[in-house]
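Colleague: A single structure is presented below for examination.
Only the coordinates and a few stated rules stand behind these numbers; no lab work does. Remember, predicted model here, so these are calculated numbers, not experimental data. Neighbour counts are summed over all protein chains in view; Cβ atoms, including those assigned to glycine, are modelled from backbone coordinates with ideal geometry.
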Amino acid sequence: MPKKRHKPEEIVAKLRQVDVLVSQGQSVADAIRSIGVTEVSYYRWRREFGGLKTDQVKRMKELEAENARLRRAVADLTLDKLILKEAAFGKLLSPARRRACIDHVRLALKVSERRVCRVLGQHRSTQRRIPHGREDEEKLIADIVELVRRYGRYGYRKIAVLLRSTAGWVVNDKRVERIWRREGLKVPTRQPKRGRLWLADGSCIRLRAERPNHVWSYDFVEDRTHDGRKYRMLNIIDEFTHECLAIRIDRKLKAIDVIDVLSDLFILRGVPEHVRSDNGPEFVAKAVQEWISAVGAKTAYIAPGSPWENGFIESFNARLRDELLDGEIFYTLAEAKIIVESWRRHFNTVRPHGSLGYKPPAPEVFIPAMTARATAQPRPATPPALASRPTAH
């Protein structure tokens, strides 16, 4: 038979019964036997509940329960604090990061999933949901990596434009950026800020292009072939359309070569109103100034030592060096001419420009072969006679 467990109220009643029996003249031992417990239990009860009444025992039980509840609350708050401390600092915005964080906290603190989800504000159905990527995710990643391998200095915005324009993808910039960061692709470095000096009259700030053929700018870029020999490139751009008009490559380029390139462009595209350049000897030469003035254009020179005043051509030179020259080894001058000219066509017709709404400055227009043949063939004046339809019997 299991031993009976007395409640505190029953213990107080039995102690009061012993006190009454002892006051009537019975011995303590006989009184203890009358309540049906041993002397050891009696004196233990006397030590714990001696002198208390029933209402006081109830109050003590309530205080003990409150104390236990407060201890549990303190323990819960301490555990919540440990969970928040163990979690990543800052906001966990994406469900994937929340899932990873909750798994980490569970392994580190040995707590339940329910508890961690409640503290970090993650719904348990979201935590247990197994994410399934899109069916075309692997193909999109492969195309992005291929474009990044081909155009190593492009950011994710330009890659997104190329995906939509050349690869036929219907994808927004956010998805490309998410894949870009997850795959650990390179982000172009930011240019350091530089202070400005007083701007001269030839600066691109005071003289800004307002229409095509309004302001052209040109400058030289130097590089070396694989054998260590130096060659120069004369770059000419239209500042309004951002189109690269020509890149002349040779071992040496002098003032007469500048006139030769400009004359071809003037015949092909017309004479611009202004031609902006720095104060290099090939540009300030008297023959160049006289020739430009004779054909009806004006020269605009920037202040010495102020390349930012010719910012459009300097930006183009930086893109040329960053996207092509720094990643190519030219063994001959002929190879350099072919590859640079191919890059110039890509720059004008395919490469997205951020300042133009991620569109190329001079996109090519393709006419399908069937449409071209249809437009080339003359249409008959009257439609041909149609055969009579058979009659069903």
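Colleague: Based on the mean of other Cβ atoms within 10 Å per residue, sort peptides 346-356, 151-161 so the most packed one is first.
Modeller: Peptide ranking by packing, descending: 151-161, 346-356.
Colleague: I need the calculated FRET efficiency for the pair S263 and D326, taking r as the beta carbon distance and R₀ as 35 Å, to the nearest 0.05.
Modeller: The formula returns an efficiency of 0.65 here.
Colleague: Also, I was wondering about something else. Which value, in Å³ per residue, describes the convex hull spanned by the Cα atoms of segment 214-314?
Modeller: 101
Colleague: Here is a further query. Please give every one of the aspartates and glutamates within straight-line cross-link reach of K61, meaning a C-alpha to C-alpha distance under 14 Å, and leave out same-chain neighbours fewer than 8 residues apart.
Modeller: E9, E10, E48
Colleague: Can I ask one more? Sorted by packing (mean other beta-carbon atoms within 10 Å per residue), highest first, where do 9-17, 165-173 land?
Modeller: 9-17, 165-173
Colleague: So for each of 326-334, 264-272 I average, over its residues, the number of other beta carbons within 10 Å; can you give me the resulting order with the highest mean first?
Modeller: Ranked by mean Cβ neighbours within 10 Å, highest first: 264-272, 326-334.
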